[in-house]
Amino acid sequence: MMNRIKRNETIMVVDDEQIVRRLLHQKLANEGYECIEAASADEALAMLQQNPDIALVVSDMKMPGKSGMELLSEIKSRYPDTAVIMATAVTETAIAIECMKQGAYDYLTKPFKLDEVVFSVWRALEKRRLQLENREYRQSLEAKVEIQAEKIRFSFFNSITSLAYALDAKDGYTAGHSQRVSEMAVGIGIEMGLPQTLIEQIRLAGLVHDIGKIGIDGSILHKPGILSQAEREEIERHSAIGEKILAPVVEDTEILAMVRNHHERWDGAGYPDGLAGEGIPLGARVLMLADTFDAMTSERPYRTAKSVSYAMDEILRCSGLQFDLAVADAFFKAHNVIVQAMHIGT
């Protein structure tokens, strides 16, 4: 198990006595280890700074300048993957045991029994190797689990998005609505100069913003006449229902907030939470305007589609009341994107 083979590990011997350093150096080199020497704690730390991958330090306890205990403390703080074995006189074993409490792997007593030195070094390096391998395995496993979890979340989100498309397609009045809202909202976000991450969140939220309507009675959704107060309250539940449907598979709280709050109004008269002004998530403000515009310019069971000019006038009239002025301004500037998005699903 401890044959003399060429090993990858580098060992540093730290002792102010040259004869001791040479003795240990020669023995460990004969065992196949790479060895370097340092005559003081400061010299050892300088070498570690140049080569932080040194696997093991064998250090004397008492040296001029910094003690072995101080060296141990700095190594464990700055180079936690480096193992340390302390060397001490027989009469100082209590101090050596204290070093082990501070993180040293073992201690050796002087005068050295070289075979014991070799065995202690081998055990320390084996323990270090196992610790590094276990950490690498855990990190690899965590990464694989996260990748798999992300794949599952992505798959679920795609399934929900497909379901949202299917719901749109099933209803002739809302065919393509989610895609149009998503495209318009992205156009507004780009015009506002929003970060790419937020624009992508808006795009995804737009695709599933009405998924909660799956939990609303179809007879209410498709009612051709005026809704009663109870029916209106039932429909207004869809944004909160959508959040609940998505929460198990969408970890992004921003997307969930956009879905929940895409019917909030700038003046606080929206639902489900009655948020107002900048208390409404920015993405939800963008989605709300895009959603309202598409609703006005699309056929509904209770009315015919309004013209683009009418819808534009309404958005202008309601800016600062229903809509965020900055979002409305970007909406008008993104006119070409809006017009292109209107043709989706038609």
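What the table shows:
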| quantity | calculated |
| --- | --- |
| Residue order, fewest to most surrounding Cβ atoms within 10 angstrom, among Lys333, Lys113, Lys101 | Lys101, Lys113, Lys333 |
| Taking Cys35, Cys99, Cys318 and counting other C-beta atoms within 10 Å, the order from fewest to most | Cys318, Cys35, Cys99 |
| Cα long-axis angle, helix 68-78 against the chain (0 to 90 degrees, to the nearest 10) | 20 |
| Dipole moment magnitude, nearest 20 debye, the chain about Cα centre, only Lys, Arg, Asp, Glu C-beta charged | 700 |
| Net +/- balance of residues flanking Ile199 in space, Cβ distance below 13 Å, scoring K and R +1, D and E -1 | -3 |
| Three-way shape label, the stretch 1-86, alpha-carbon gyration tensor, a/c 1.5 | oblate |
| Cα centroid of the stretch 86-147 to Cα centroid of the stretch 261-334, whole Å | 65 |
| Cβ-based charge dipole, the chain, positive-most Cα from Asn51, Gly65, His222 | Asn51 |
| 18 Å Cα-Cα reach of Lys223 towards lysines, excluding residues that sit fewer than 8 places from it in its own chain | Lys170, Lys213 |
| Cut-off 14 Å between beta-carbons: net charge of the residues surrounding Gly225, Lys and Arg +1, Asp and Glu -1 | +3 |
| Global geometry of the stretch 10-139, whether rounded, prolate or oblate, following the gyration tensor of its Cα atoms and the 1.5 cut on a/c | rounded |
| Taking Glu200, Glu243 and counting other C-beta atoms within 10 Å, the order from fewest to most | Glu200, Glu243 |
| Distance violations [Cα-Cα > 24 Å] among Lys27/Lys101; Lys76/Lys127; Lys27/Lys62; Lys27/Lys76; Lys244/Lys333 | Lys27/Lys101; Lys27/Lys76; Lys244/Lys333 |
| Over the stretch 171-341, relative contact order from alpha-carbon pairs under 8 Å, at least 6 apart, % | 27 |
| Cα gyration tensor shape for the stretch 171-341, rounded if a/c is under 1.5, else prolate or oblate | rounded |
| Computed magnitude of the charge dipole of the stretch 33-151 (debye, nearest 20; Cβ of K, R +1, Cβ of D, E -1) | 300 |
| Cβ-defined net charge surrounding Lys144, 12 Å radius [Lys, Arg +1; Asp, Glu -1] | -1 |
| 0 to 90° range, to nearest 10: angle between helix 196-208 axis and the chain longest Cα axis | 50 |
| Mean Cα-pair separation over length for the chain, i.e. relative contact order, pairs under 8 Å, 6 or more apart, % | 12 |
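Throughout, read-outs are computed from the coordinates displayed, never taken from laboratory work. Just so it is clear, the structure is predicted and the values come from calculations on it, not from any experiment. Cβ: placed from backbone, ideal geometry, glycine included. Neighbour counts: every protein chain shown.
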